[in-house]
Amino acid sequence: MTGMICGTGACVPERILDNSEIAEFVDTSDQWIRERTGVEQRRIAREETTVSMAAEAGRQAVEEAGISPEDIDMIITATATPDQIFPCTACEVQKELGAVRAVCFDMNAACSGFLFAYQTAQAYIASGICRNILITGSERLSGIVDWKDRGTCILFGDGAGAALIRAKEGKQYLPFACSDGTGGSALTCPGYAGKQDGDQKVISHISMDGREVFQFAVRRVPEAVREVLKKNDLKTEDIDWFVLHQANQRIVEAAAKRLKTEIKKFPMNLQKYGNTSSASIPILLNELNRSGKLKKGQKLILAGFGAGLSWGASVLEWGI
Ligand code: UT7
């Protein structure tokens, strides 16, 4: 028994913030941002919340899977930016969807959150505890970005993505995941008060040593991919798509180069959305799925990395 993705969804805010607008309030330029990161624009939440985006993405995934909300056994929401401390985002998503039977909890592993939620869902399915699990990654990072810090504010965006995973007969792939708390100071956000009286009350901001995180990602992502390939007795040539966390175009390109694999197997959409943390992998997955690029039976690698520090990768076979 394995878990197969049977539906995907995504929801991004309406409001587009492009590089030239950012250049109006911090000392940067569209050219610098494009050249150093690949990002051209990002979405910024106004009315949208972490819950509303997760619920909408989840609704689409459930609909595509052709199941009813009552069939969902578990909802896991990966988020580092919940609207409130509790009830957790996943319980709010449950309420929105009417997934009355689901057990719900959030998972915070920053940008590795969706990958770890995926691996957790696989473990619950492999053990026979669950048959249908909805995983969502949803972030409202604009609320914790320091809009005066040009080193970070150019990178991030808001949005959510989701995948519905169902128990099916099939090969179970082993995951790879790792964390190193001793490197945690490279990327931090010490406190987050969430929503208060309808406004985001921010008590601290994202702080990052960009170069350190960059080097960490460039080293660890190819390593994670190689580890997960080895664990599953596969080669890079066996993989059709490498779906990496969308942090920086140069990180994705460096990973492709280190893995000696053509860049066209590394899809990117960070140009449009920036780094949406736990939402980036499922937003990209949904885009690939809905545009018909993913074919049944193709092999994918999902790879995440971020604050913690944490990183990892999973192999999956596309089942839609
Ligand atoms: O999910 C994981 C989250 N984080 C990441 O993935 C981030 C990984 N790191 C990065 O993507 C890159 O390190 C950045 C895009 C953040 C920065 O790019 P970089 O090429 O590493 O630049 P740098 O930090 O080495 O800075 C080079 C120069 C500096 O000026 P000086 O000291 O050489 O005079 C910075 O002050 O670029 C300057 N700079 C900027 N200039 C214009 C930094 N940010 C900007 C900016 N516009 N937005």
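For every residue, the table says whether it meets (1) within 16 Å of the ligand (Cβ to nearest atom); (2) in contact (Cβ under 8 Å) with a residue 60 or more places away in the chain; (3) at positive phi; (4) touching a helix residue (DSSP H, G or I) at 6+ places or on another chain (Cβ under 6 Å).
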site	(1), (2), (3), (4)
Gly9	no, yes, no, yes
Arg46	no, no, no, no
Thr49	no, yes, no, no
Ile67	no, yes, no, no
Completion exercise
Among residues of the stretch 27-37 being in contact (Cβ under 8 Å) with a residue 60 or more places away in the chain and outside any helix (DSSP H, G or I), the residue farthest from the chain's Cα centre (by Cα) is Asp27
Exercise for the section: Kindly list, by first and then second residue, each pair from a residue in the stretch 102-126 that is closer than 18 Å to Leu284 by Cβ to a residue that is of a type in the set (A, V, I, L, M) and in a loop (DSSP other than H, G, I, E, B), limited to pairs with Cβ atoms under 6 Å and residues at least 6 apart or on different chains. Expected result: Ala110/Ala80; Ala110/Ala307; Phe116/Ala109
Practice task
Report yes if Leu17 is closer than 15 Å to Arg140 by Cα and within 16 Å of the ligand (Cβ to nearest atom), otherwise no.
Solution key: yes
Exercise for the section: Find the strands (runs of 3 or more DSSP E) located wholly in the stretch 118-185 whose residues include 2 or more that are buried (at least 22 other Cβ atoms within 10 Å of the Cβ), and list them. Expected result: 132-139, 159-168
Practice task
Could you tell me whether the stretch 262-276 includes any residue that is more than 10 Å from Val243 (Cβ to Cβ), β-branched (Val, Ile, Thr) and surrounded by fewer than 21 Cβ atoms within 10 Å (Cβ to Cβ)?
Solution key: yes
Handout entry: Any hit, the stretch 218-234, residues being touching a residue at least 60 places away in the same chain (Cβ under 8 Å), within 18 Å of Ser310 (Cα to Cα) and near the ligand (Cβ under 10 Å from one of its atoms)
Key = no
Completion exercise
Only one of (1) surrounded by 15 or more Cβ atoms within 10 Å (Cβ to Cβ); (2) of a type in the set (D, E, K, R); (3) in a loop (DSSP other than H, G, I, E, B) does not apply to Glu24, and that is (1)
Fill in the blank from the handout: Within the stretch 61-93, the residues that are farther than 20 Å from Phe116 by Cα, touching a strand residue (DSSP E or B) at 6+ places or on another chain (Cβ under 6 Å), surrounded by 20 or more Cβ atoms within 10 Å (Cβ to Cβ) and not aliphatic (A, V, I, L, M) are Glu64
Fill in the blank from the handout: Selection from the stretch 286-307 of residues surrounded by 17 or more Cβ atoms within 10 Å (Cβ to Cβ), part of a loop (DSSP other than H, G, I, E, B) and either at pLDDT below 95 or more than 15 Å from the chain's Cα centre (by Cα) (or both) yields Leu294
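The values are calculated or read from the model by the stated rules, or taken from the named source; none is laboratory data. Keep in mind it's a predicted model, so treat the numbers as computed, not measured. Reconstructed Cβ throughout: ideal geometry from the backbone, glycine too, with neighbour counts over all protein chains shown.
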